[in-house]
């Protein structure tokens, strides 16, 4: 990925609606050509942040730079951005071609230039046969393609996507996801993409910004966020099935650290602590797919357990069992699916675990 | 598949709607039928069955009073409907700016519509009466040369009617158009802003075309109001000065009650019915063709 220079720079941005603070002194730098995904649950401020970047909302404090130009108080059209919306927001009375060209005609561009841009966008998105149709005669996927085309013809540096795939069904969503990824590779534009869908975030992003309560919790590459979440919220929000969390405490015994819950002792010799830990309450997190199932005793930690519930999901199976008195899920390939009440053994390497402070939820 | 009579006509529903059916058939269909029938007779004070063909219609279209009425209704209709639409839309846009006390303003704007046209007309008549209203008030304040009495001048009385009509009708137009405006997806506005389309252009080229249904509803309501305008005229001018503000409905009532000429009155009423029938027939045709096209597609 071309990482030369900053494309979008958000500095100390705050947004208040009356007494409610929606975004809190937020900083975010997006490199040129980078694909950044803003991910978070509803109401975390991700769409609001995108609207601020687009200039559709006036911010309370801070500055926004796009391509090194301070655009904090510029109109949306002067910011060099194109935006794609969840509801597509096509102009229903106009044909696809008019939809693409309307903004350009209002801006007074010469006819040949408009025709050239539309031809290019239509070719890239393969919507040439649709140009004379009205939006009502298009399918959801086609409409979203036209909406992307409307951003494309503006010939801008930065693309903003506001949950563009949320209104589509699952199959179309995965198709268009790939198309957006291809589009990004072809155009090499900066893209900021808002979604609450972690699969979209993981598959599309160069970097993901996980947001909660108007604050970016973690900004990192998808794999880093997945494997080394900075706090319990991020760890729980990403991953499906969700990470196992076990409440217990940290203890030091003969120079080695252990995580102890009831009569279960998990040795932490292989775990990489962020900083020197202190004994006390903690949360142990382990992803269901990082647990080995009936595969011998060659693991730093092994335990026996009884199967409680089996959830076959096609490609693999989720097995619920009890580790001590704690619920614990394990992801198993479907060929090895156990039956209910089977006695099984599990094993894992605490290297792949995540330990969190019980009080603050921060990674230990 | 042929369904049985019992399935198609649910008995309690039929019983429930019988009074309404009786009223509709009795008053509208039979009443209109007799109106048309008597318009071909020489009825005077009481209806007779002495048929005279189109003689009443010939006399009607030779009557200058009727011609003035027809002229008036066109003028009144075009003026009040177009102004109502423009004012109503502007008011709706104003109301859509997330103003404070929106409910209060909406009630204020809708209030004239809730009042009887007789009351509306009377209030406006008082305001415009030279001895009671605006002119008297200004003169009492010391501006003795102030003169504003549109209702007593044959040339200006119709304008006073138009103003009262707008005052009465723009509120309800606003309410309908506001509902239409609220139905427009907020993301359309955002998209237009990102596209750099000025607000007035967004209204004109994108939002207004999306509100076709709301405009049609408001327009039909206004048209109905115009065709049957009677009480406003009676309360404000009584059709005067002279015959300057006479309207078809006023003409019909006066012929029947004052001039005791039922035959010609019915002819005038039938003439009022004609454009309505034409519009109904036309819209029915459009609907039928659209249904047939959709049926062919399925």
>> Under a crude label model (7 Å from the Cα following the beta-carbon direction), how far is residue B:274 from residue B:10 in nanometres?
In response: 4.3 nm
> In chain B, if every C-alpha pair distance is counted and binned at 10 Å from zero, what percent goes to each bin?
Replying inline: 5, 19, 24, 24, 18, 8, 2, 0, 0
> Any idea what angle helix A:170-187 forms with the longest principal axis of chain A, computed on alpha-carbon atoms, 0 to 90 degrees, nearest 10?
Replying inline: 70 degrees
>> Given axes a ≥ b ≥ c from the Cα gyration tensor, I'd like to know whether region B:1-119 is rounded (a/c under 1.5), prolate (a/b larger than b/c) or oblate.
In response: oblate
> Based on the Cβ-Cβ distance from residue A:352 to residue A:197, what FRET efficiency comes out when R0 is 25 Å, to the nearest 0.05?
Replying inline: 0.55
> Using alpha carbons only, what's the Rg to Rh ratio of region A:1-153 with Rh from Kirkwood?
Replying inline: 1.01
> How compact and how long is region A:244-357, expressed as Rg and Dmax of its alpha-carbon atoms in Å?
Replying inline: 14.4, 46
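Quick one: compute the contact order of region B:63-259, relative version, from alpha carbon pairs under 8 angstrom and 6+ residues apart, as a percent.
Across region B:63-259, relative contact order equals 37 percent.
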>> For chain A, give me the percentage of DSSP beta bridges that are antiparallel, rounded to the nearest 5 percent.
In response: 80 percent
>> Restricting to Cα pairs below 8 Å that are 6+ residues apart, what does the relative contact order work out to for region B:191-278? Please round to a whole percent.
In response: 16 percent
>> With angles folded into 0 to 90 degrees, how steeply does helix A:140-152 sit against the dominant principal axis of chain A? Use alpha carbons for both and round to 10.
In response: 60 degrees
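DSSP beta bridges in region A:154-236, what fraction antiparallel, as a percent rounded to 5?
Details: 5 of 10 bridges.
Approximately 50 percent, going by the DSSP bridge assignments.
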> With axes computed from alpha carbons, what is the tilt in degrees of helix A:96-106 against the longest principal axis of chain A, rounded to the nearest 10 within 0 to 90?
Replying inline: 70 degrees
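What does the extension gain come out to for residue A:295 and residue A:128, with contour length at 0.36 nm per residue minus their alpha carbon separation? Before the final figure, lay out each step's value.
Working: separation 167, 0.36 × 167 = 60.12 nm, distance 5.52 nm.
Here the segment from residue A:295 to residue A:128 would lengthen by 54.6 nm.
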> For chain B, what is the calculated [θ] at 222 nm in deg cm²/dmol (nearest 500), taking -39500 (n - 2.57) for each run of four or more DSSP H residues and dividing by its residue count?
Replying inline: -21500 deg cm²/dmol
> Using 0.36 nm per residue, how much length does the chain from residue B:106 to residue B:119 gain when fully extended, once their Cα-Cα distance is taken away?
Replying inline: 2.7 nm
>> Give me the one-decimal Kirkwood hydrodynamic radius in Å for region A:1-54, with the sum taken over alpha-carbon pairs.
In response: 12.3 Å
>> Eigenvalues of the Cα gyration tensor times 5, then square-rooted: what semi-axes does that give for region A:128-193, in whole angstrom, largest first?
In response: 19, 16, 10
> Does a label point 7 Å from the Cα of residue B:156, set along Cα-to-beta-carbon, have any residues of region B:121-149 with amide nitrogen under 13 Å, and which are they?
Replying inline: B:128-131, B:134-136, B:146-149
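Among rounded, prolate and oblate, which fits region A:172-313 when a ≥ b ≥ c are the square roots of the eigenvalues of its C-alpha gyration tensor, a/c under 1.5 means rounded, and a/b larger than b/c means prolate?
prolate
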> Which shape class applies to the protein assembly as shown: rounded if a/c is under 1.5, otherwise prolate when a/b exceeds b/c and oblate if not, where a ≥ b ≥ c are the square roots of the Cα gyration tensor eigenvalues?
Replying inline: prolate
>> Using Cα-Cα distances under 8 Å and only pairs 6 or more residues apart, what relative contact order does chain A have, in percent?
In response: 15 percent
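I need the peptides B:243-255, A:264-276, B:68-80, B:148-160 ranked by packing, meaning the mean over residues of other C-beta atoms within 10 angstrom, with the highest value on top.
With the highest mean Cβ count within 10 Å placed first, the list reads B:243-255, B:68-80, B:148-160, A:264-276.
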> What are the principal axis extents of the Cα atoms in chain A, in Å, biggest first?
Replying inline: 78, 46, 38
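Read the figures in this text as sums done on the coordinates, not as results from a lab. Computed from a prediction, not measured in an experiment: that's the story for all the values here. When we count neighbours, we look across all protein chains shown, and the Cβ atoms used for this are built from the backbone with ideal geometry, even at glycine.
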